[in-house]
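To start, the structure itself, in structure tokens.
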Amino acid sequence: QVQLVESGGGLVQAGGSLRLSCAASGRTFSSYSMGWFRQAPGKEREFVEAISGSGGITVYADSVKGRFTISRDNAKNTVYLQMNSLKPEDTAVYYCAAATLAMASYRSYEYDYWGQGTQVTVSS
């Protein structure tokens, strides 16, 4: 069982930056690939970025290419999402998730554990 707690969301102006964190419980954090997803009001949840257990492989959505960066610190059981050049369309609740996979995945159904989400609002 893995518990995930996100933090770092908030209100930021367009062009600004935020860094989200997701702290995980458990002693086998490095065995999980981790992902970030987001859901805007009235829209389906969508994939943002994912990272393999070792941190060596990342996968990202085209919409965040060059702006967002996922990373992890296995010693701290934490995954991060650095978000730069934020746009109003990035406004959403951001969720981190853990999958018992070696490789990073963009498929939400492959994730076994989810956090409660953190709100990110980007004003124009």
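Please treat every number below as a calculation from the coordinates, not as lab data. Model, not experiment: these values are computed from the prediction. Cβ sites come from the backbone with ideal geometry, for glycine too, and all protein chains shown count toward neighbours.
The length gained on full extension between residue 121 and residue 82, counted as 0.36 nm times the residue separation minus their Cα-Cα distance, comes to 12.6 nm. When you count the other C-beta atoms within 10 angstrom of each residue and take the mean per peptide, 99-105, 38-44 line up highest first as 99-105, 38-44.
Estimated at 0.36 nm per residue, the fully extended path between residue 31 and residue 100 surpasses their Cα-Cα distance by 24.2 nm. Fully extending the segment from residue 89 to residue 73, taken as 0.36 nm per residue of separation minus the present Cα-Cα distance, adds 2.9 nm. Any idea which of 12, 116, 75 is furthest toward the positive side of the dipole for the chain, if Lys and Arg beta-carbons carry +1 and Asp and Glu beta-carbons -1? Ranked along the dipole, the leading option is 75. Annotation: for a label point projected 7 angstrom from Cα along Cα→Cβ of residue 19, residues of segment 72-103 with backbone N closer than 18 Å are 72-86, 96.
Across the chain, the volume of the C-alpha convex hull divided among the residues equals 89 Å³ per residue. Magnitude of the charge dipole for segment 26-124, about its Cα centre and with charges confined to Cβ atoms of Lys, Arg (+1) and Asp, Glu (-1), is about 160 debye.
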